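Report on one structure; see the data block that follows.
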Amino acid sequence: MNNKEINLPNHLGIIMDGNGRWATEREKPRWEGHKAGAKNLETLLPYIYNKGIPYVSIYAFSTENFKRDKKEVDYLMDLFITIFNKKLSPIKKMGVKIVFSGRRENIKSEVWKAMKELEEETHQGKKGVLNICLNYGGQYEIVDMTKKVAELVLNNQLSVSEITKEKIEENLYQQLPPLDYVIRTSGEKRTSNFMIYQAAYAEYYFPNTYFPDFDEKEFECAIEEYNKRKRRFGGN
Ligand code: FPP
């Protein structure tokens with residue numbers, strides 16, 4: 001494809017699914033799948049920003065993922081600390097601002113500390129934004145936004161007639177443009193509570209590849225597919 005003709009999403013979402021199956025099919029423990037997924041992300045993210053996509057949101061851990069076996073949850077939390085402290089330097093050097101979406105509750109303090117440090121360290125980044133959804137659920141985001149808006153009304157800082165789409169968006173976890181394209185790897189065809197408000201008009205892509213194998217080549221196929229979509233936003 002000629003580079004000049006490529007249409008890129010402004011905001012890309014990735015549901016990084018299939019780590020567990022990737023490991024099981026190789027007769028490895030599930031944690032090895034998460035480790036391989038993290039390694040893949042380390043190279044995929046710089047590739048995506050270099051390509052010219054400014055906003056990326058990734059689903060690292062859903063609120064419901066806390067129901068998993070404690071050992072797996074503990075492994076993932078330790079993996080997150082390592083990633084946040086050490087593995088994101090290529091995109092940090094590029095000037096990507098890193099933010100988080102999700103609830104504070106149940107996140108152990110070491111993870112929270114690493115998250116806060118990463119946000120502070122990168123807050124002036126101008127190259128793009130990486131929004132990491134951790135202990136995240138789209139329905140909870142809407143609940144939390146509603147509580148914030150209700151507080152404003154109760155404190156007479158906002159009247160009911162002033163509750164607009166813009167006001168709602170101002171009170172979501174992060175102020176980001178709408179999602180244009182959401183990729184969910186592993187062949188599962190569900191949205192699983194991922195940024196349901198922001199994805200209202202997003203295109204979806206469900207490749208069969210497990211996330212650890214979703215490399216640059218696979219990503220190019222996803223972009224090729226995006227270019228075949230005709231986005232109408234409810235019009236004709
Ligand atoms: C879903 O696969 C994946 C997760 C719950 C964890 C995703 C985390 C990473 C890829 C590590 C990188 C993270 C950050 C924050 C940079 P699954 O375990 O549900 O796979 P399965 O459906 O095959 O069991």
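Brief remarks follow.
- If you filter segment 204-230 down to residues that are more than 17 Å from K51 (Cα to Cα) and free of Cβ contacts under 8 Å to residues at least 40 places away in the same chain, you find that the one that is least open to solvent (accessible area, probe 1.4 Å) is P207.
- Whether a residue is of a type outside the set (A, V, I, L, M, F, W, C) and within 20 Å of L45 (Cβ to Cβ) was assessed, and K147 does not pass this test.
- Odd one out for M94, checked against (1) under 30 Å from E224 (Cα atoms); (2) within 10 Å of the ligand (Cβ to nearest atom); (3) open to solvent by 20 Å² or more (accessible area, probe 1.4 Å): (2)
- Residue list for segment 46-65, filter: open to solvent by 50 Å² or more (accessible area, probe 1.4 Å) and within 11 Å of the ligand (Cβ to nearest atom): E64
- One residue alone among E117, E151 is modelled with pLDDT of 95 or more, more than 12 Å from the ligand (Cβ to nearest atom) and touching a helix residue (DSSP H, G or I) at 6+ places or on another chain (Cβ under 9 Å), and that residue is E117.
- Considered as a group, the residues in segment 97-126 that are out of contact with any strand residue (DSSP E or B) (no Cβ under 9 Å at 6 or more places or on another chain) and in contact (Cβ under 8 Å) with a residue 24 or more places away in the chain include one that is most open to solvent (accessible area, probe 1.4 Å), and that residue is E110.
- Boolean, T191 is surrounded by fewer than 21 Cβ atoms within 10 Å (Cβ to Cβ), out of contact with any helix residue (DSSP H, G or I) (no Cβ under 6 Å at 6 or more places or on another chain) and either among the hydroxyl-bearing types (S, T, Y) or more than 16 Å from Y55 (Cβ to Cβ) (or both): yes
The values are calculated or read from the model by the stated rules, or taken from the named source; none is laboratory data. What you see is a predicted model, and the numbers here were worked out from it, not measured in a lab. So basically every Cβ, Gly included, is an ideal-geometry build from the backbone, and we count neighbours across all protein chains shown. These accessible areas exclude ligands, DNA and RNA; they are computed on the full protein's heavy atoms, side chains included. Shrake-Rupley method; radii C 1.70, N 1.55, O 1.52, S 1.80 Å.
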